[in-house]
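All of the numbers you see were taken from the coordinates with simple rules; none came from a lab. Being a predicted model, the structure only gives us computed values, none of them experimental. Here the Cβ is made from the backbone with ideal geometry for all residues, glycine too, and neighbour counts use every protein chain on show.
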Amino acid sequence: MNKEPELEQDEKLKKKVNKISFISISGIVQFLILSLIAMLFYPRGTREDELFEEYSFSFNKFSDLGMWETFSGESNLISFLIFNIGLIILGLSLIPYVVFSANYFRSQKMPRHWVYVGEITGIIASLAFVGVGLTPRDLLQDLHKIAEYSAFLTIFIMSLMYMLFIYKVSYYHNKYAIIYALCVVCQFLYLFIVLDIIPVTLEIDCISQKLIVYLQLIVFLIQSIGILHLDKDLN
């Protein structure tokens with residue numbers, strides 16, 4: 001029996017997976033780096049202390065990096081460009097991972113309507129990241145809040161769906177489901193903060209926001225690496 005067409009198909013799939021994984025990993029890594037650089041260039045100012053001399057991990061939110069002006073009224077052009085461009089690239093880079101994973105889950109006979117829920121919310125979350133980058137908080141506050149809330153809510157739903165799918169797919173190692181489960185629990189708890197269900201201090205709000213964002217990105221980084229180990233073809 002001729003194995004060449006099958007081998008050729010496997011090789012094409014491998015190249016596709018490698019490309020998708022590279023795009024997602026690159027997008028995540030560049031944002032992790034650029035967000036830290038943006039913090040270094042942030043002039044000064046927090047919501048409670050306009051003259052605070054640097055970016056505060058405890059009293060500045062991520063969105064402060066993307067503002068056109070700081071709380072002190074100074075230009076924030078460098079951080080503005082670095083942070084927002086990095087965030088836009090991040091959002092766009094996650095879409096291939098979301099779509100490829102959904103196609104894979106469908107090929108593994110997961111419930112199609114639930115897969116579509118995971119895929120659509122994942123795409124919305126990715127575009128919401130782009131939306132946050134396009135709507136500086138000090139210039140477009142209402143749109144910025146909509147994008148921010150949409151990102152955290154939809155990424156929670158997507159993570160929950162993908163966690164369940166990975167757990168049921170025999171070709172996926174369960175450690176990836178466990179990693180998603182950890183993220184889902186943390187995302188769920190953070191929703192109470194971001195939706196103002198539980199009142200917290202500015203310090204807790206700022207710290208928890210950074211921790212959940214970096215946790216989400218690390219989880220997506222691990223999942224993007226994980227798809228390299230899939231050995232089941234798509235239908």
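For the stretch 13-229, the dipole from Cβ point charges (+1 on Lys and Arg, -1 on Asp and Glu) about the Cα centre works out to 1740 debye, to the nearest 20.
Here's the picture: charge each Lys and Arg Cβ at +1 and each Asp and Glu Cβ at -1 in the stretch 13-229, and of Leu134, Phe105, Cys183 the one pushed furthest to the positive end of that dipole is Phe105. Using Cα positions and a limit of under 18 Å, work out the lysines in reach of Lys61, with same-chain residues fewer than 8 apart set aside. Within reach: Lys145, Lys210. Between Ser170 and Trp114, the FRET efficiency estimated from the beta carbon spacing at R0 = 22 angstrom works out to 0.75. Each of Ser26, Ser93 was scored by other Cβ atoms within 10 Å of its Cβ. Arranged with the fewest first, they read Ser26, Ser93.
The angle between the Cα long axis of helix 174-194 and the main principal axis of the chain comes to about 30°, on a 0 to 90 degree scale.
Any idea what angle helix 4-41 forms with the longest principal axis of the chain, computed on alpha-carbon atoms, 0 to 90 degrees, nearest 10? Tilt relative to the chain: about 10 degrees. Listed by Cβ neighbour count within 10 Å, with the fewest neighbours leading, Leu228, Leu217 appear as Leu228, Leu217.
Below 8 Å, C-alpha to C-alpha, sequence gap of six or more: please give me the relative contact order for the chain in percent. Before the final figure, lay out the partial values.
Numbers: 318 pairs, mean separation 52.5, N = 235.
Relative contact order of the chain: 22 percent.
Considering only Glu50, Glu119, Glu148, the mean-square fluctuation computed in a Gaussian network model of the chain, springs between alpha carbons under 10 angstrom, is largest for Glu50. Relative to its Kirkwood radius, the Cα radius of gyration of the chain gives an Rg/Rh of 1.04.
Can you give the angle from 0 to 90° between the axis of helix 77-107 and the longest principal axis of the chain, with both taken from C-alpha atoms, to the nearest 10? Approximately 20 degrees, to the nearest ten.
Residue order for Val169, Val132, fewest other beta carbons within 10 angstrom first, comes to Val169, Val132.
At 222 nm, what value in deg cm²/dmol follows for the chain if DSSP H runs of at least 4 each add -39500 (n - 2.57) and the sum is divided by all its residues, to the nearest 500? Please list the in-between numbers first.
On the way: 7 runs with 170 residues, N = 235.
Rounded to the nearest 500, the figure is -25500 deg cm²/dmol.
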